[in-house]
Amino acid sequence: MQPITTTAALADFCKQLKGQPYVVVDTEFMRETTYWPKLCLIQVAAPNCEACIDPLAEGIDLTPLLDILRDETVQKVFHAARQDVEIFNNLGAMPRPLFDTQIASMAAGYGEQIAYDALVRQMLKIDLDKSHRFTDWARRPLSDAQLTYALADVTHLCTLYPMLRERLEKAGRLAWVEEEMAALTDPALYDVDPENAWKRLKPRKHAAKYLAVFKAVAAWRERTAQLRDQPRGRILKDDAMDELASQAPTDAAALDRLRGVPKGFSGSKFGPDLLAAIREALKNPEAYAPVVERERPAHNPAAGAVVELLKVLLKARSEDAGVASKLIATVSDLEKIANDDNADVGALTGWRKDAFGADALKLKRGELALVLDGTRVRVVEVRRAPKAG
């Protein structure tokens with residue numbers, strides 16, 4: 001088996017992809033030692049063609065494939081798409097419309113975040129060879145066995161996708177997952193602007209000085225990681241962010257006194273730049289500090305117990321519907337519902353409200369009860385005795 005290694009061959013292959021009802025895509029990449037994922041192999045299949053594409057081949061231009069990914073008349077199919085989408089978004093080709101078979105399988109009764117090989121085994125009764133799962137995909141040449149292994153990630157998905165889609169359509173659940181899939185192609189999910197890096201972390205305080213330094217340190221780390229193409233944690237660990245923001249060191253001695261910062265950090269190539277970023281933020285912390293909404297304090301003293309009851313209800317209702325509970329509601333959703341009947345969460349809107357949210361509110365009002373029936377929890381209505389007149 002030979003991968004596509006020239007722009008001309010890629011263009012010829014992409015001509016076959018045009019007009020296809022759907023295209024299945026997967027990637028192999030490396031990012032253990034880098035900030036930016038290093039794209040090493042692209043696997044693509046459609047109902048009547050398939051190929052491995054070598055993005056590391058000298059002189060190859062991926063534009064023909066990127067044009068296919070940008071073509072909104074062609075459905076793009078992935079499994080566990082987020083990291084693949086991130087790569088193509090970095091290349092300026094957000095793959096829309098997108099169908100993620102992992103998300104779809106959650107609504108089709110195959111469990112939470114099912115792996116590709118497990119889904120193939122359940123739906124196609126095929127056991128995939130996983131002997132090359134730890135391949136160094138950046139090393140060349142790739143063997144026929146490695147390429148065959150990689151291509152299987154799309155060839156079986158090409159068969160599986162229409163089956164899974166039809167199952168969701170018949171069950172009336174396709175719309176249930178479309179919102180999740182649309183969210184995967186929201187550029188904000190892949191935002192790498194250093195000034196927004198603080199949003200991925202959790203500031204613990206709300207004082208302007210703290211937030212200004214917190215934002216500045218996060219931006220400095222993100223910018224440095226991007227420029228040096230190194231993982232964020234290689235520059236500075238997440239654990240150090242809160243201490244830096246709390247202590248706001250402005251000189252080498254103060255920086256070296258912090259427990260969360262590696263010994264001698266002030267004298268490293270990073271120290272002076274970090275201190276400069278902190279000093280700059282402290283010039284006008286009120287102006288530089290981000291606006292962080294404070295979480296509303298819990299007003300339900302029994303909220304903890306309510307959350308536990310809601311977890312049991314969620315499990316029961318997800319089992320009844322044959323849907324992964326994670327697709328219906330998160331623990332954060334349950335915590336908000338426990339404290340607020342009008343919480344702004346997905347579990348209280350649309351199909352999720354029908355499947356779970358409405359019952360969650362009834363449980364809070366005492367209109368439903370959870371009954372253990374052998375090894376299964378049943379949800380039963382509570383009949384209240386009429387008030388004596």
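The values are calculated or read from the model by the stated rules, or taken from the named source; none is laboratory data. Predicted, not measured: the structure shown is a model, and the values here were computed from it. Note that we place each Cβ from the backbone using ideal geometry, even for glycine, and neighbour counts take in every protein chain shown.
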Those residues that are among the hydrophobic types (A, V, I, L, M, F, W, C), under 22 Å from the mean Cα position of the chain (by Cα) and within 23 Å of ALA171 (Cβ to Cβ), I need them from the stretch 315-347; list them, please. VAL323, ALA324, LEU327, ILE328, ALA329, ALA347
Residue match in the stretch 40-60 (condition: free of Cβ contacts under 8 Å to residues at least 40 places away in the same chain, over 19 Å from the mean Cα position of the chain (by Cα) and surrounded by 16 or more Cβ atoms within 10 Å (Cβ to Cβ)): yes
Could you pull out every one of the helices (runs of 4 or more DSSP H) wholly within the stretch 49-143 that has 3 or more residues that are among the hydrophobic types (A, V, I, L, M, F, W, C) and more than 29 Å from ALA8 (Cα to Cα)? 101-107, 116-124
So, first residue at negative phi and in contact (Cβ under 8 Å) with a residue 40 or more places away in the chain in the stretch 74-103, second residue outside any loop (DSSP other than H, G, I, E, B) and acidic (Asp, Glu), Cβ within less than 6 Å, six or more apart or across chains; the pairs are PHE78/ASP84; PHE78/ASP100; ALA81/ASP100; ILE103/GLU180
What pairs come up if the first residue lies in the stretch 324-341 and is closer than 25 Å to ASP100 by Cα, the second is among the hydroxyl-bearing types (Ser, Thr, Tyr) and modelled with pLDDT of 95 or more, and their beta carbons are under 9 Å apart, counting only those six or more places apart or on different chains? ALA324/SER105
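Condition first: hydroxyl-bearing (Ser, Thr, Tyr), farther than 25 Å from PRO231 by Cβ and crowded, with 21+ Cβ neighbours inside 10 Å. Can you find one or more residues in the stretch 95-104 that meet it? First the steps, then the outcome.
Just the residues of the stretch 95-104 that are hydroxyl-bearing (Ser, Thr, Tyr), to begin with: 101.
Then drop every residue that is not farther than 25 Å from PRO231 by Cβ, which leaves 101.
Those left that are additionally crowded, with 21+ Cβ neighbours inside 10 Å: 101.
Taking every residue of the stretch 95-104 in turn, at least one turns out to be hydroxyl-bearing (Ser, Thr, Tyr), farther than 25 Å from PRO231 by Cβ and crowded, with 21+ Cβ neighbours inside 10 Å.
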Considering only residues that are surrounded by fewer than 16 Cβ atoms within 10 Å (Cβ to Cβ) and outside any helix (DSSP H, G or I), which ones fall in the stretch 148-200? ALA171, GLY172, ASP186, ASP191, VAL192, ASP193
How many of the residues in the stretch 133-162 are in contact with a strand residue (DSSP E or B) (Cβ under 7 Å, 6 or more places away or on another chain) and β-branched (Val, Ile, Thr)? 2
